[in-house]
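For reference, the structure discussed in these notes is given below.
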Amino acid sequence: MRYICLIYNRADTDGTLTPDETDDLVKAHFAFDEELRSNGIMIHADALEMPDKATVLRVRDNTLSATDGPYVETKEHLAGFYVIEAPDMATAIKIAGRIPSARFGAVELRPVRMLTLPD
């Protein structure tokens, strides 16, 4: 089963790590990525730009509107994600609990709902 691990950083502390702490965190993520990849667990992972680079899109009455981010005041923001393969939630929790950024923020773990076309 697929799971998405959504990495959230606190808005008031994001970007406050020292250069050495940031380098250590990035190295830890690359090592973690390689371990997951070599064990056939990782499907995809990426970091995201800061919320001020976001654009929120909506379609209402067939009209597209775009709002520059950040759209809402928030204490945390989505900083990155992993999509992993695990046999069950208990295993996925063990994997996601080792994401290096969990030491500084939070990781939301959610099963991926695989949609199929109706007949």
Against the conditions (1) outside any strand (DSSP E or B); (2) modelled with pLDDT of 85 or more; (3) surrounded by 15 or more Cβ atoms within 10 Å (Cβ to Cβ), where does P70 fall short? Just the number, please.
(2)
Residue that is among the basic types (K, R), open to solvent by 80 Å² or more (accessible area, probe 1.4 Å) and under 15 Å from the mean Cα position of the chain (by Cα), where the choices are R2, R37:
R2
Could you check segment 30-54 and list, in sequence order, the residues that are out of contact with any Gly (no Cβ under 9 Å at 6 or more places or on another chain) and assigned to a helix (DSSP H, G or I)?
F30, A31, F32, D33, E34, E35, L36, R37, S38
Using the structure shown, decide if A102 is in contact (Cβ under 8 Å) with a residue 12 or more places away in the chain and under 14 Å from the mean Cα position of the chain (by Cα).
yes
Which of the residues that make up segment 5-34 are open to solvent by 60 Å² or more (accessible area, probe 1.4 Å), of a type in the set (G, A, S) and at pLDDT below 95?
G15
Residue list for segment 81-119, restricted to those being among the hydroxyl-bearing types (S, T, Y), at pLDDT below 95 and more than 12 Å from L6 (Cβ to Cβ):
T116
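The values are calculated or read from the model by the stated rules, or taken from the named source; none is laboratory data. What you are looking at is a predicted structure, and each value in this text was computed from that prediction instead of being measured. All Cβ positions, even for glycine, are placed from backbone atoms using ideal geometry, and neighbour counts span all protein chains on display. Accessible surface areas use protein heavy atoms only, side chains included; no ligands, DNA or RNA. Shrake-Rupley method; radii C 1.70, N 1.55, O 1.52, S 1.80 Å.
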